[in-house]
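A quick write-up on the structure given underneath.
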Amino acid sequence: MSYRIEYDWVAIRLPKERIESAYEDHFILASLGGDNNVYRQDGKRPRRWSCMAMGMSWQVMQTAVEFAAACEGGSLKPHGRWMKPEAYIARLRRVLADAVSLDEARNRGIRVSLCIDIDTQKMRDRYDADCLAKFRENRTGLALNGSGDSIERFILSIDDDADLSAFIRYHWLSDSKSLWRKIEVGGRGEM
């Protein structure tokens with residue numbers, strides 16, 4: 001049976017001053033990991049960074065608790081070892097408490113980019129359409145031509161406060177609920 005191995009974690013603090021209408025700091029929590037049954041040609045396991053959670057501290061910890069449930073069944077093994085869910089939660093709580101700024105993360109070799117794919121044909125109601133119109137006000141999406149879909153891809157700058165605020169406010173417009181599809185994290189330790 002396969003399982004995910006996590007080797008490292010990082011939390012990046014996004015100050016509330018950078019996010020329009022935010023009353024609390026936001027965080028991006030990412031992990032460096034891979035699957036135990038996948039190997040490269042040189043016999044080593046590939047490792048990639050992926051976004052685990054984004055939001056206020058309580059939202060990030062809520063997601064960490066959900067991930068911790070995978071430790072109980074053995075489908076998540078930090079450093080390739082069994083870990084109790086309580087220990088995993090405590091570890092991620094420490095990672096969140098030691099969150100670094102975006103600049104410090106870059107100095108450590110971590111990079112972050114934001115991207116939202118929105119299927120404009122799947123707008124559910126007028127509220128969705130109004131939100132999309134507000135989101136488009138200062139940005140232009142790239143049309144992705146696929147199987148008849150009308151998907152627009154918006155690549156946003158995490159350094160631009162307006163883009164960051166728009167991402168936090170409207171990322172739900174994407175069909176994908178998985179943050180790792182919207183927030184790309186990369187850097188040191190990948191192989």
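Here is how the numbers come out for the structure above:
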quantity: Criterion violated by Val60 - all others in (1) touching an Asp or Glu at 6+ places or on another chain (Cβ under 7 Å); (2) within 16 Å of Ile183 (Cβ to Cβ); (3) crowded, with 19+ Cβ neighbours inside 10 Å satisfied; calculated: (1)
quantity: Matching residues, segment 76-127, being assigned to a helix (DSSP H, G or I), within 30 Å of Leu142 (Cβ to Cβ) and in contact (Cβ under 8 Å) with a residue 60 or more places away in the chain; calculated: Leu102, Ala105
quantity: Some residue of segment 28-35 being within 17 Å of Gly187 (Cβ to Cβ), part of a helix (DSSP H, G or I) and open to solvent by less than 10 Å² (accessible area, probe 1.4 Å); calculated: no
quantity: Subset tally (residues that are in a strand (DSSP E or B) and either modelled with pLDDT of 85 or more or open to solvent by less than 90 Å² (accessible area, probe 1.4 Å) (or both)) for segment 128-152; calculated: 5
quantity: Considering residues of segment 153-167 that are in a helix (DSSP H, G or I), among the hydrophobic types (A, V, I, L, M, F, W, C) and more than 11 Å from Leu14 (Cα to Cα) only, the residue farthest from the chain's Cα centre (by Cα); calculated: Ala162
quantity: Segment 114-127, residues that are exposed (fewer than 12 other Cβ atoms within 10 Å of the Cβ) and either in contact with a helix residue (DSSP H, G or I) (Cβ under 7 Å, 6 or more places away or on another chain) or under 14 Å from Ser150 (Cα atoms) (or both); calculated: Gln121
quantity: Test result for Ala97, within 13 Å of Leu29 (Cα to Cα), of a type in the set (A, V, I, L, M, F, W, C) and at pLDDT 95 or above; calculated: yes
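The values are calculated or read from the model by the stated rules, or taken from the named source; none is laboratory data. Small disclaimer: the values here were computed from a predicted structure and weren't measured. Because the Cβ atoms are built from the backbone with ideal geometry, glycine has one as well, and the counts that use them run over all protein chains shown. Protein only, heavy atoms only, side chains kept; ligands, DNA and RNA dropped before computing areas. Shrake-Rupley method; radii C 1.70, N 1.55, O 1.52, S 1.80 Å.
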